[in-house]
1. Tell me the residue from Leu179, Leu163, Leu146 that is among the aliphatic types (A, V, I, L, M), touching a Phe, Trp or Tyr at 6+ places or on another chain (Cβ under 6 Å) and over 25 Å from Ile31 (Cβ atoms), please.
2. Consider Ile124 against the criteria (1) farther than 21 Å from Ser201 by Cα; (2) in contact (Cβ under 8 Å) with a residue 12 or more places away in the chain; (3) β-branched (Val, Ile, Thr): it satisfies all of them except one. Which criterion is unmet?
3. Under the condition of being under 26 Å from Ile103 (Cβ atoms) and free of Cβ contacts under 8 Å to residues at least 40 places away in the same chain, which residue from the stretch 129-142 is surrounded by the most Cβ atoms within 10 Å (Cβ to Cβ)?
4. Within the stretch 13-51, track down each residue that is outside any loop (DSSP other than H, G, I, E, B), within 19 Å of Ala231 (Cβ to Cβ) and touching a residue at least 60 places away in the same chain (Cβ under 8 Å).
5. Could you tell me which of the residues Thr40, Thr75, Thr49 is under 17 Å from the mean Cα position of the chain (by Cα) and at pLDDT below 95?
6. Only residues that are touching a residue at least 60 places away in the same chain (Cβ under 8 Å) and either of a type in the set (Asp, Glu) or within 28 Å of Glu116 (Cα to Cα) (or both): list them for the stretch 91-105, please.
Amino acid sequence: MKRAVPEVEQREKMYEGKAKIVYATSRPDLIIQYFKDDATAFNALKRGTIVGKGVVNNRMSAALFQRLERAGVPTHYLAILSDREMLCRRLEIIRIETIVRNIVAGSLAKRTGFEEGTPIREPIVELYYKSDPLGDPMITDDHVRLLGLATPRELGWIRRTALRINRVLRPHMARRGLLLVDFKLEFGRARGRLYLGDEISPDTCRLWDARTRTKLDKDRFRQDLGGVEDAYQEVFRRLVEGAVTRT
């Protein structure tokens, strides 16, 4: 059954982040996310533009949120309003970035000494304190309690749900020739419930071509590999348009 889209009017800008602008609406429980083409890396020390990124990230996030909803994962997604605008529930964001890792890459390779590309037998869940001034440091469950970021019940739900999301997305992407190396999730509260928020996109996921291991995500921007726009469009074609092509 198709979900009815609530009638709302866009109001004042509430917040502008590195990749999105959040607007209030005529309903206090709903917001509009506007996806930008701006790109940042290394805690905004590197800045640039990825043409068309906002459209890819908005539409890909919508498609994956809908798939997760069908699998029983509650998300903040309600509707696509335009190529760059998404209507969402307004959440009180929990200041924890949750990372799920299936293959060694990025900081995990540096911290463990394992070679990038090493498979991880059981997925790893890591927690990071969502704080730009502190550089989003990695934290433990004890730190979550110390900082008062989430209750033990909430943290347990976050960990279980992150792994559940992985069980849904990993095979879904594999069928489209993509390796889900790792990905970042954010969660929030609304009316006493917890929801998945933010986005799921090449900005927040490491995605490699399953055959060639070509990187098709924001690492192309971070590492000056070139072909960033083409990589984002390739992911869009596979996951949103449904056509699997080989790079």
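1. Just one listed residue meets the conditions, Leu179.
2. Only one criterion is unmet by Ile124, namely (1).
3. Narrowing the stretch 129-142 to residues under 26 Å from Ile103 (Cβ atoms): 129-130, 135-141.
Filter once more, so that each one left must be free of Cβ contacts under 8 Å to residues at least 40 places away in the same chain: 129, 137-138, 140-141.
Details: Tyr129: 17, Pro137: 10, Met138: 13, Thr140: 10, Asp141: 13.
Looking at the filtered set, the residue picked out is Tyr129.
4. If the condition is that a residue be outside any loop (DSSP other than H, G, I, E, B), within 19 Å of Ala231 (Cβ to Cβ) and touching a residue at least 60 places away in the same chain (Cβ under 8 Å), then Phe35, Ala39, Ala41, Lys46, Gly48 are the ones that fit.
5. On the way: Thr75 fails: at pLDDT below 95; Thr49 fails: under 17 Å from the mean Cα position of the chain (by Cα).
Answer to the selection: Thr40.
6. Scanning the stretch 91-105 gives Glu92, Ile96, Glu97, Thr98, Ile99, Val100, Arg101, Asn102, Ile103, Ala105.
Matching residues to (1) surrounded by fewer than 23 Cβ atoms within 10 Å (Cβ to Cβ); (2) assigned to a loop (DSSP other than H, G, I, E, B); (3) of a type in the set (S, T, N, Q):
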residue	(1), (2), (3)
Arg176	yes, yes, no
Lys184	yes, no, no
Thr212	yes, yes, yes
Asp217	no, yes, no
Arg220	yes, no, no
Ala231	no, no, no
Val240	yes, no, no
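Each row is one residue, and each column tells you yes or no for (1) touching an Asp or Glu at 6+ places or on another chain (Cβ under 6 Å); (2) among the β-branched types (Val, Ile, Thr).
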position: Val181; (1), (2): no, yes
position: Lys184; (1), (2): yes, no
position: Gly188; (1), (2): yes, no
position: Arg213; (1), (2): no, no
position: Glu229; (1), (2): no, no
position: Tyr232; (1), (2): no, no
position: Val235; (1), (2): no, yes
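The values are calculated or read from the model by the stated rules, or taken from the named source; none is laboratory data. In this text, all values refer to a predicted model and were calculated from it rather than measured experimentally. Heads up, the Cβs are rebuilt from the backbone with ideal geometry, glycines too, and the neighbour counts pull from every protein chain shown.
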